[in-house]
Amino acid sequence: MDVFGLLGNPVGHSLSPPMHEAAYDELGLEARYVTFEPEPSAIEDAIDGAEALGIAGLNVTIPFKRDVLECVEADELATRIGAVNTIDFTGEGAPTGHNTDAVGALRALRDHGVTVDGARAVVVGAGGAGRAVAFGLADAGATVEIANRTASTARELADEVPGATGHGLENETLVDLLSDADVLVNATSVGMEEDETPVPADALHGDLAVLDAVYQPLETRLLRDATAAGATTVDGAWMLLYQGVEAFERWTGREAPVDAMNAALRDRL
Ligand code: NAP
């Protein structure tokens, strides 16, 4: 029996257990996916303990994504992003740390027919998700503009992302940036708590593909506005799905049963 899991605090409402267990059921794997809520001060002990117990893989969520960097051998992308969301214990030697949020966003876009290589992309937000998406898009050949409420954070991130430029989140700036953009990603939490959007509706247009990292609710105001503008829309559950698919494939070496994982996820949203 292989044991996988999620480290976070809190993790009670996580959608990862049903998504991963649907994959084990579909492929007939003897495996379980469990959640752990260590105290923040015990994160290093938690990872050492997981290794000692023979746990095969862990996902990592808030508030540990950054702290875990110091406890594992982080790969180059996770190091640049500054966050680990997947730990792999299956190799020889020390556990390795990876960030599958970046690939999750890219696979979500590609799955909807969006070409990223050569695209002009605007990433709104410069927190954990914004960093992952900005590096992921730039590595995949997009030119990235980063707009964030705290403009200095966007500029600092843009200094690290090849070819990127940082901006504030003023409406005029967004209208200007989006006028000739191909891809827009909302990587802020705006739209989660209230029916709000970080991007004015009149900045959206039919040549855009819009990915909203927010997945609760699935249909955010941004995505409704994007649909009305004739844009291609990609909801946040696709990004969540593909970050999980990437972790599953890394841990098991098997091709993930994407449809079964997607169905389990959407059943619960
Ligand atoms: P985070 O590190 O706390 O960053 C939050 C970001 O949102 C920052 O850029 C922050 O701007 C911005 N923000 C917060 N409130 C705002 C407001 N009222 N107006 C404008 N900007 C605001 O959080 P995170 O981990 O990046 O997560 C961001 C969102 O992405 C969450 O909704 C999360 O659920 C989602 N997410 C989804 C996936 C997925 O797989 N679908 C994966 C990761 C995250 P400042 O810098 O100015 O504070």
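Coordinate-derived values only; no laboratory data. Computed from a prediction, not measured in an experiment: that's the story for all the values here. Cβ coordinates were reconstructed from backbone atoms using ideal geometry, including for glycine residues, and neighbour counts include every protein chain displayed.
Here are some notes:
- The simple Förster model, with R0 at 25 Å and r as the Cβ-Cβ distance, assigns SER179 and ALA228 a FRET efficiency of 0.90.
- Relative packing of peptides 124-133, 204-213 - highest average C-beta neighbours within 10 Å first: 124-133, 204-213
- Comparing Cα centroids, segment 94-143 and segment 224-269 end up 14 angstrom apart.
- With the Kirkwood sum run over all distinct C-alpha pairs, segment 171-219 has a hydrodynamic radius of 11.4 Å.
- Net charge contributed by nearby residues that have their C-beta within less than 14 Å of GLU196 (K/R +1, D/E -1): -3
- Over the chain: Rg over Rh, Cα atoms, Kirkwood Rh: 0.97
- Cα-Cα separations in segment 1-153 greater than 23 Å, expressed as whole percent: 43 percent
- Spin-label pair ASN9/THR115, simplified geometry with 7 Å Cα→Cβ offset, distance in nm: 4.8 nm
- The residues neighbouring ALA31, those whose beta-carbon lies less than 13 Å from its own, together hold a net charge of -3 under the Lys/Arg +1, Asp/Glu -1 convention.
- For segment 102-234: span of alpha carbons on each principal axis (Å, largest first): 33, 30, 26
- Mean Cβ count within 10 Å, highest first, over the residues of peptides 40-46, 105-111: 105-111, 40-46
- Burial ranking of peptide ranges 215-226, 231-242 (average Cβ count within 10 Å, highest at the top): 231-242, 215-226
- Here r is the Cβ-Cβ distance between GLU196 and ASP75 and R0 is 30 Å; the resulting FRET efficiency, rounded to 0.05, is 0.25.
- Mean separation of Cα pairs under 8 Å and 6 or more residues apart, divided by the residue count, gives segment 102-234 a relative contact order of 22 percent.
- Membrane-span-like helices in the chain, defined here as complete DSSP H runs extending at least 20 Å along the helix axis by their C-alpha atoms with mean Kyte-Doolittle hydropathy no lower than -1.0, are 236-252; this is a sequence and geometry rule, not a statement about a membrane.
- Remark: spin-label model distance LEU27-ARG254 equals 0.5 nm, labels positioned 7 Å along the Cα→Cβ axis.
- Cβ-Cβ FRET estimate between LEU218 and ASP45, R0 fixed at 51 Å, reported to 0.05: 0.90
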